[in-house]
């Protein structure tokens, strides 16, 4: 494996986006929530497993070949994505709570 | 019941220790030398371990106690938003934090071969700082949830 800044960034960014999208869609689409619940017995446990699996898969896939771009600037997108995903979920649940 | 309280306590404790590990890593990166970066890598690995352990510790209480018992107490009380906004956000934002920790720890090992002058440490330190802030925010959310239960059923009930 050729783990680089780029592969770590891809793994982190894709994992956080997938977790956020699955969380929001799960709240909106009930069959998806049921599927997430059935897989492990609880949707939250499934999402945790999913995040670890997505991280490992994306890291392995993006580390197969050495990265030509060795700039660490790509790492900045990890905290940016983390903040945006956290705000997206907070915003979604705020709107959801306001609806009652 | 005591086991559930112990696991919730362990969840809070492990999460805070995880955040302290990344604060430790941040300090080592700011004052960096070969020796301090080696300690930062250890702190990063320990932080990831503690953050994942924190989620594992709370899985059982969340599953068997929060959903069937605490949630209905909170939603029936004067602060129902503590569940619909605070808990829903907290439980899902918490999944992102170990991912950030993994990224920081792995990036520290990638930066190892570039020496102390690597510009990567600037970005890694931002990730470490974000982890500390997010964990502290979630601890505050946990306090809000406890308050929601207390104002619903009263202290000592």
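Every number here is computed from the coordinates shown, using simple stated rules; none is lab data. Every value quoted in this text rests on a predicted model; they were computed, and no experiment measured them. Quick reminder, even Gly has a Cβ in these numbers, built from the backbone with ideal geometry, and neighbours come from all protein chains shown.
Only residues that are part of a helix (DSSP H, G or I) and more than 7 Å from chain B (Cβ to nearest Cβ) were counted in region A:84-100, giving 8. The one condition from (1) more than 7 Å from chain B (Cβ to nearest Cβ); (2) assigned to a helix (DSSP H, G or I) that residue A:44 does not meet is (1). Being exposed (fewer than 15 other Cβ atoms within 10 Å of the Cβ), without any contact (Cβ under 8 Å) to a residue 40 or more places away in the chain and closer than 20 Å to residue B:67 by Cα holds for only one residue in A:100, A:26, A:91, and it is A:100. The sole residue among A:52, A:21, A:38 that is free of Cβ contacts under 8 Å to residues at least 24 places away in the same chain, surrounded by 15 or more Cβ atoms within 10 Å (Cβ to Cβ) and under 26 Å from residue B:56 (Cβ atoms) is A:52.
Residue by residue, here is whether (1) over 27 Å from residue A:59 (Cβ atoms); (2) away from chain A (no Cβ under 12 Å) holds:
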position	(1), (2)
B:66	yes, no
B:85	yes, no
B:104	no, no
B:115	no, yes
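Looking at B:145, B:138, B:130, just one residue is part of a helix (DSSP H, G or I), away from chain A (no Cβ under 13 Å) and surrounded by 15 or more Cβ atoms within 10 Å (Cβ to Cβ), and that residue is B:145.
Let's see how each residue does on (1) surrounded by 21 or more Cβ atoms within 10 Å (Cβ to Cβ); (2) touching a helix residue (DSSP H, G or I) at 6+ places or on another chain (Cβ under 8 Å):
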{"site": "B:23", "(1), (2)": "no, yes"}
{"site": "B:31", "(1), (2)": "no, no"}
{"site": "B:52", "(1), (2)": "no, yes"}
{"site": "B:59", "(1), (2)": "no, yes"}
{"site": "B:74", "(1), (2)": "yes, yes"}
{"site": "B:82", "(1), (2)": "yes, yes"}
{"site": "B:113", "(1), (2)": "no, no"}
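Test residue B:22 against the stated conditions and say whether it is under 18 Å from the mean Cα position of the chain (by Cα) and more than 18 Å from residue B:112 (Cβ to Cβ). The answer is no for residue B:22.
Residues of region B:93-102 that are within 7 Å of chain A (Cβ to nearest Cβ) and under 14 Å from residue B:59 (Cβ atoms): B:95 alone.
Residues that are part of a loop (DSSP other than H, G, I, E, B) and either within 10 Å of chain B (Cβ to nearest Cβ) or in contact (Cβ under 8 Å) with a residue 12 or more places away in the chain (or both) within region A:55-70 comprise A:63, A:64, A:65, A:66, A:67, A:69, A:70, listed in sequence order. Within region B:115-127, the set of residues being part of a helix (DSSP H, G or I), more than 21 Å from the chain's Cα centre (by Cα) and surrounded by 14 or more Cβ atoms within 10 Å (Cβ to Cβ) comprises B:120, B:121.
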